[in-house]
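The values are calculated or read from the model by the stated rules, or taken from the named source; none is laboratory data. From a predicted model like this one, the values you see are computed outputs, not experimental measurements. Note that each Cβ is placed from the backbone with ideal geometry, even for glycine, and that neighbours are counted across all protein chains shown.
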Amino acid sequence: MNKAITEGLVLMPPPFSAGLNLWSRDDGLTGQGSYLAQSNAAYVPTDQDFGGCLELTKTLATQKLRCFQSIPFEPGLYLRVTIKVKAMSGALPAVRIAGWAGNSSGANVTTAVQSGPSTQLTTYGQIVTITAIIGSGNRQGVDMVWGLAPVNGHLGLDLTGPTGGVVRIEDVIIEDVSSIFFSVMFNWVDVRDYGAVGNGVTDDLAAFNAADNAAAGKTVLVSPGNYFLSASMTFDNPVEFEGTVTMPANANLVLRRNFDLASYTAAFGAELAGFKKALQALFFYTDHVELNLNGRRVELDGPIDVAALCGLTTFAERRVLRNGQLTAITSTAWNTTTVTSVATYAVANPAKLTGVANVANIPVGARISGTGVGREVYVTAKNIGAGTVDLSQPLWAAAGTRTFSFDRYKYMLDFSGFTALSKFEVSEVEFQSFGLASIIMLASGGELFRVADCVLNKPKDRGITSIGRACQDLQIDRCQFISNEQGLLAQDRTTICFNVNANDGKIRLNRASRFAHFGILAGSGHMVLGNHFFGGDDATAGVRRAGIVFTLTNMKSFLTGNYIDNCSIELSNEHDSDPNFGTEYTFGGINMSGNIFTASNVAPWFRWLVITPRGTGHSLQGYIVANNTFRVVGTVVDRIEAVDATYAPLSYLSFRNIIFDNNTFNGVTQPTASPVLVQHTQNTAADTWTVDGSAYLPFASYARNVTAVVAEGAITNTLNATQFVTPYTLVEQGALKNQVALKWPTQVKGMMQVTLRCDNPV
């Protein structure tokens with residue numbers, strides 16, 4: 001920094017050759033005497049050392065020399081005054097730089113130090129350089145601290161000591177040396193001071209590294225310009241971008257001290273370019289695990305292929321993207337790619353299609369549809385040479401050669417290029433899709449992906465899609481899913497909030513409104529806790545669909561404390577290549593407790609709990625429905641549960657540990673319970689009493705067990721005489737096997753409290 005250049009300040013006093021009338025023998029103020037025509041002062045035009053110079057005889061105790069020219073002064077300005085002198089004869093004086101400091105009113109600033117260090121002359125003819133630095137700040141190296149009050153000065157020198165000596169004085173030099181204090185005065189270094197050009201062509205990488213090395217904790221300033229960096233660059237110090245940078249696509253810019261979207265946006269001149277480079281650096285940077293979007297919006301004009309952006313296929317360190325908004329803008333890049341192909345499926349090879357025609361055009365991550373294909377089956381990989389496609393789930397009824405469709409949705413954040421990605425988190429991010437794009441596609445492998453406190457607004461097709469096993473321990477917490485299909489009838493919707501292929505999903509405290517389905521969950525060990533998902537519409541007696549579908553027969557999961565609104569919980573085995581019951585576990589392994597089930601404007605045949613076997617022989621084992629509330633508004637439903645036997649019936653012979661207990665029913669014609677306490681009154685004496693609790697038994701199941709028989713009041717014969725007899729029971733009575741019989745040793749009548757079950761309890 002040089003203010004003589006940057007601000008046009010005139011600092012140099014006139015040379016002695018311009019006239020001694022320009023030089024004061026006092027403080028340099030107007031009206032004071034000059035050295036013109038003084039007997040002790042003369043201009044010497046041809047000194048052998050100085051050329052033109054002033055010869056001055058010391059006649060006063062302190063002989064002053066000041067220029068009449070007013071030298072400007074301001075805070076932050078540092079002036080160096082340099083004068084060369086030599087003693088010619090007589091007594092040897094001492095010499096010092098001196099001046100007069102004036103404020104804006106023209107008065108002397110007495111608090112300013114107005115003389116510098118004194119140098120004693122010791123030898124005749126020896127050239128001695130006298131210097132002093134004048135500055136506003138009390139910094140090391142400043143000889144005359146003037147502070148903030150002075151606005152100008154009259155500068156020169158003092159001769160002190162004995163009188164009678166003669167000295168010659170070269171022209172006074174005054175220069176701006178603020179740059180000497182540059183690194184002290186300011187907490188930054190400029191890349192241009194280290195050779196950066198900033199023309200967008202010259203490689204400035206070395207200059208950037210040099211500036212960063214020199215900063216030593218100060219901020220590196222990238223001053224205006226466009227700087228080309230040929231390779232990756234890491235700033236170990238804070239950096240401020242007034243200019244922009246360009247880099248190869250595979251080069252990383254790592255800002256270790258200000259790793260956030262605002263800094264990257266400034267570095268690359270646009271939010272999208274900055275976001276991509278920041279996201280790229282997130283996967284290489286070890287000091288920060290979080291990319292902060294600074295609460296800003298980034299507009300995406302197409303999917304971000306995160307693996308391609310980073311140049312990686314595996315990553316297992318925790319990383320977090322948080323605090324901002326990603327918005328899809330209109331672009332053909334969001335258009336779904338659809339491919340139709342003939343392929344062969346074999347039950348013996350359940351995770352693969354073979355003989356796939358046109359396999360090169362089938363994108364990884366495409367959803368497969370066709371006869372015998374369950375919901376949310378995706379392409380995880382393909383082998384062009386072998387003509388095969390790997391599947392995320394088996395197909396339940398697609399054996400043989402047939403035509404399949406492959407739809408590749410486009411996602412705002414697409415991680416499918418990773419073969420394994422673990423411990424990535426998205427937190428406090430709003431995704432604004434506007435029906436243009438899907439939101440997040442997970443990698444094909446990995447675990448512990450987390451989406452928390454996010455808003456997924458109007459996805460075109462899917463919210464969060466798992467195409468493989470990266471959903472192991474998937475965590476979706478406190479998110480809002482807002483549908484793009486709010487105005488459609490439930491049966492016409494196609495968007496799905498999320499799916500899970502692997503185990504141990506944690507789906508907690510989310511809200512979703514008017515999607516085709518809230519979640520499709522394969523695998524087991526899932527926790528579905530405290531969510532509100534609504535699948536209704538405004539139609540009278542409208543169709544309702546599943547809010548959650550479990551596609552593994554025995555999923556070892558619980559649903560607790562959810563608000564299940566105008567949709568059902570469906571158990572299906574549509575991801576089983578051989579869906580008939582064999583050696584696997586059958587349907588069950590689920591606990592539903594403390595939930596609110598509600599419905600409005602539904603048909604009487606609507607059911608909240610549905611089992612849809614895709615193959616024969618399946619039963620139910622471990623199905624607990626307890627302490628829930630079921631309520632219908634505006635109409636009534638027949639009951640809460642049903643078997644959808646479209647593909648196969650459910651076998652009732654092997655029901656185990658089926659509990660429907662302590663539930664509350666409002667607007668439900670027939671409550672469901674098992675075990676169920678039936679109060680049977682026999683008014684006519686008989687030796688066989690038929691006890692019918694079939695209406696209560698879940699899923700139209702058999703009456704398979706009686707756990708208690710208690711007489712209420714006396715058991716009497718036809719003469720009303722009390723009989724002290726005990727019956728035995730027969731289960732699975734009647735044409736539908738849903739009644740029990742009490743067999744007495746004689747004909748009796750009376751009242752019995754009978755507890756019966758649809759299962760064997762163990």
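Remarks
- Yes/no for D193 being closer than 25 Å to T82 by Cβ and outside the structural domain of R139 (by TED's automatic domain parsing): yes
- Residue ID - surrounded by the fewest Cβ atoms within 10 Å (Cβ to Cβ), chosen from residues in the stretch 720-762 that are of a type in the set (K, R) and not in a loop (DSSP other than H, G, I, E, B): K743
- The one condition from (1) among the basic types (K, R); (2) buried (at least 23 other Cβ atoms within 10 Å of the Cβ); (3) touching a Gly at 6+ places or on another chain (Cβ under 8 Å) that R639 does not meet is (3).
To keep it simple, each residue is scored yes or no on (1) more than 22 Å from I569 (Cβ to Cβ); (2) of a type in the set (K, R); (3) assigned to a loop (DSSP other than H, G, I, E, B).
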{"site": "R614", "(1), (2), (3)": "no, yes, yes"}
{"site": "R631", "(1), (2), (3)": "no, yes, no"}
{"site": "S654", "(1), (2), (3)": "no, no, yes"}
{"site": "F665", "(1), (2), (3)": "no, no, no"}
{"site": "N683", "(1), (2), (3)": "yes, no, no"}
{"site": "Y702", "(1), (2), (3)": "yes, no, yes"}
{"site": "A714", "(1), (2), (3)": "yes, no, yes"}
{"site": "T718", "(1), (2), (3)": "yes, no, yes"}
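- Only one entry of G19, G28, G90 meets the criterion of being surrounded by 16 or more Cβ atoms within 10 Å (Cβ to Cβ) and touching a residue at least 12 places away in the same chain (Cβ under 8 Å), and that entry is G28.
- Unique match (being touching a residue at least 40 places away in the same chain (Cβ under 8 Å), in a strand (DSSP E or B), within 16 Å of the chain's Cα centre (by Cα) and crowded, with 18+ Cβ neighbours inside 10 Å) among L293, L279: L293
- Selection over the stretch 309-330 of residues that are of a type in the set (G, A, S) and surrounded by 15 or more Cβ atoms within 10 Å (Cβ to Cβ) gives a count of 2.
- Within the stretch 93-133, if we keep just the residues that are part of a strand (DSSP E or B) and of a type in the set (V, I, T), the residue that is surrounded by the fewest Cβ atoms within 10 Å (Cβ to Cβ) turns out to be T129.
- Matching residues, the stretch 429-479, being aliphatic (A, V, I, L, M), part of a loop (DSSP other than H, G, I, E, B) and surrounded by fewer than 24 Cβ atoms within 10 Å (Cβ to Cβ): L436, L448
- Cross-chain or 6+ apart pairs with Cβ under 9 Å, the stretch 739-753 first and of a type in the set (F, W, Y), then not in a strand (DSSP E or B): W744/I715; W744/Q723; W744/V725; W744/T726; W744/P727
- Checklist (1) exposed (fewer than 14 other Cβ atoms within 10 Å of the Cβ); (2) under 21 Å from V254 (Cβ atoms); (3) among the polar types (S, T, N, Q) applied to T219, failing item: (1)
- Close pairs from the stretch 719-738: first outside the structural domain of T688 (by TED's automatic domain parsing), partner at pLDDT 95 or above and surrounded by 16 or more Cβ atoms within 10 Å (Cβ to Cβ), Cβ under 8 Å, at least 6 apart: none
- One residue from L65, L79, L9 being over 60 Å from the mean Cα position of the chain (by Cα), surrounded by 15 or more Cβ atoms within 10 Å (Cβ to Cβ) and of a type in the set (A, V, I, L, M): L65
- Among the residues of the stretch 72-88, some residue qualifies, meaning at least one is modelled with pLDDT under 95, in a loop (DSSP other than H, G, I, E, B), touching a helix residue (DSSP H, G or I) at 6+ places or on another chain (Cβ under 7 Å) and not small (G, A, S).
- Taken together, the residues in the stretch 399-412 that are buried (at least 24 other Cβ atoms within 10 Å of the Cβ) and more than 15 Å from R367 (Cα to Cα) amount to 1.
- Test: residue in the stretch 549-560 that is in contact with a strand residue (DSSP E or B) (Cβ under 6 Å, 6 or more places away or on another chain), more than 26 Å from S392 (Cβ to Cβ) and not aromatic (F, W, Y): yes
- Selection of the stretch 528-548 for residues being under 27 Å from P394 (Cα atoms), in a strand (DSSP E or B) and either among the basic types (K, R) or in contact with a Leu (Cβ under 7 Å, 6 or more places away or on another chain) (or both) yields V528, I548.
- Filter result for the condition that a residue is among the aliphatic types (A, V, I, L, M) and either at pLDDT below 95 or more than 20 Å from P15 (Cβ to Cβ) (or both), over I134, I173, I169: I134
- The stretch 187-241 - residue that is acidic (D, E) and not in a loop (DSSP other than H, G, I, E, B) and, of those, farthest from the chain's Cα centre (by Cα): D193
- Residue in the stretch 225-239 that is touching a Pro at 6+ places or on another chain (Cβ under 8 Å) and farther than 25 Å from D301 by Cα present: yes
- Selected residue (only one of G525, G519 is part of a strand (DSSP E or B), touching a residue at least 12 places away in the same chain (Cβ under 8 Å) and more than 20 Å from E430 (Cβ to Cβ)): G519
- Residues in the stretch 9-29 that are of a type in the set (G, A, S), within 18 Å of F50 (Cα to Cα) and outside any loop (DSSP other than H, G, I, E, B): S17, A18.
- All conditions but one from (1) within 21 Å of the chain's Cα centre (by Cα); (2) at negative phi; (3) surrounded by 23 or more Cβ atoms within 10 Å (Cβ to Cβ) apply to I482; the one that does not is (3).
- Apart from one condition, E425 fits all of (1) crowded, with 21+ Cβ neighbours inside 10 Å; (2) in contact with a strand residue (DSSP E or B) (Cβ under 7 Å, 6 or more places away or on another chain); the exception is (1).
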